[in-house]
Ligand code: GDP
């Protein structure tokens, strides 16, 4: 049984052109190819990766792609405490026309990286996605991308997130250098500078003392960060007034995590996915601050015959309940129904009840999409996301469940034609 606390189901939401594709590519490349855990998959070198991707042409447009991340580390290098985290990255389409699709994905993810362009800041689609994330109470981390571009301004974007989106945006970093000269960040938790190593393409980093001309500004923003999170953490607040130097890094992380998960703050980071600076640091923040499936509320649904409210906990021992959120056709596998398993356990080859159609269907295979391969898996359990092969009739928003424990999970009632295969 997988440790659900090490699972993260998250999306990357952005206005078109802010760099979502580039960021996703960086994540998949590093998690899938030269993962810090030390696995090198299928002997593929980093340089082949784009070529392979073109051939397969699927992963990045996949509704959910899975990868692993090693955390915590010491400046990117593993330590005895390092664990393997499991990520499912759920696609949240960036184009306004796909608002309904964004809504569907919001439904199944537990957290979001809200990506902004450091030049363009909050744009119309960022506002739309933000409102949808509010509706589904999705905790967020802000990542201000394109820090290497001319006119990039991290703190301007932080101010916009506050003013235009009404969020308590709290910087965790300050950029060192700007535009062409963007070198790294000051980490306001460790109060050290971070310079990502070019040799490892940003996988590891060096720590440097805070540049002298930034010291005062860094102290001010550090104070701002501690004040902002202490408001939600009594113990931290007490230390803040008694002896701020006694506050440990872990206490700050824990306070940020709590405030982020209960939607009180949005931690803000910055980088350049193009130059691959800061993407890895943002993934560490996904592990640190975004919720796991056990940190979110158990899903509610209704008994299809009585209308009575039912609850399913994220526990493999509960009856199986899942929600189909995207139907896609894959050139290699055929029709795939992406679903999130909220509770229970499902073996490949077994039957599920589609509550809407009232039909039992056999799931011949369960697939996971990775950066450079699609893997059939033997079973899926609570908290995880995968794609099912073998459905005759399914549509987005359908609940799939154990026939002896029928449940309808909250449905969004998005009109869509039923896909039937003859
Ligand atoms: P998407 O529409 O959000 O998926 O954006 P893309 O990832 O396709 O990026 C849009 C354009 O911005 C592409 O030309 C990228 O190469 C470029 N881009 C993305 N991230 C960065 C960055 O951090 N710095 C710079 N200078 N360009 C970037």
I'm told residue 86 meets every condition in (1) more than 16 Å from the ligand (Cβ to nearest atom); (2) surrounded by 15 or more Cβ atoms within 10 Å (Cβ to Cβ); (3) at pLDDT below 90 except one. Can you identify the failing condition by its number? (3)
Counting only residues that are part of a loop (DSSP other than H, G, I, E, B) and touching a helix residue (DSSP H, G or I) at 6+ places or on another chain (Cβ under 8 Å), which one in the range 149-183 is surrounded by the fewest Cβ atoms within 10 Å (Cβ to Cβ)? 150
Is one or more of the residues making up the range 49-66 at pLDDT below 85 and under 22 Å from residue 194 (Cβ atoms)? no
Residues in the range 278-299 that are in a helix (DSSP H, G or I) and within 16 Å of the ligand (Cβ to nearest atom): how many? 5
Please go through the range 112-138 and pick out each residue that is within 11 Å of the ligand (Cβ to nearest atom) and in a strand (DSSP E or B). 115, 116, 117
From 343, 350, 357, which residue is surrounded by fewer than 20 Cβ atoms within 10 Å (Cβ to Cβ), touching a residue at least 40 places away in the same chain (Cβ under 8 Å) and touching a strand residue (DSSP E or B) at 6+ places or on another chain (Cβ under 8 Å)? 357
Exactly one of 298, 282, 324 is in contact (Cβ under 8 Å) with a residue 12 or more places away in the chain, farther than 20 Å from residue 108 by Cα and within 21 Å of the chain's Cα centre (by Cα), and that one is 282
Is it true that residue 208 is more than 16 Å from the ligand (Cβ to nearest atom), closer than 27 Å to residue 30 by Cβ and touching a residue at least 60 places away in the same chain (Cβ under 8 Å)? no
State whether one or more residues within the range 260-277 are assigned to a helix (DSSP H, G or I) and within 16 Å of the ligand (Cβ to nearest atom). no
So which of 141, 189 ends up being away from the ligand (no atom under 16 Å from the Cβ), part of a strand (DSSP E or B) and in contact (Cβ under 8 Å) with a residue 40 or more places away in the chain? 141
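The values are calculated or read from the model by the stated rules, or taken from the named source; none is laboratory data. Because the structure is a prediction, the values reported are computed rather than measured. No Cβ is skipped: glycine too gets one built from the backbone with ideal geometry, and neighbour counts run over all protein chains shown.
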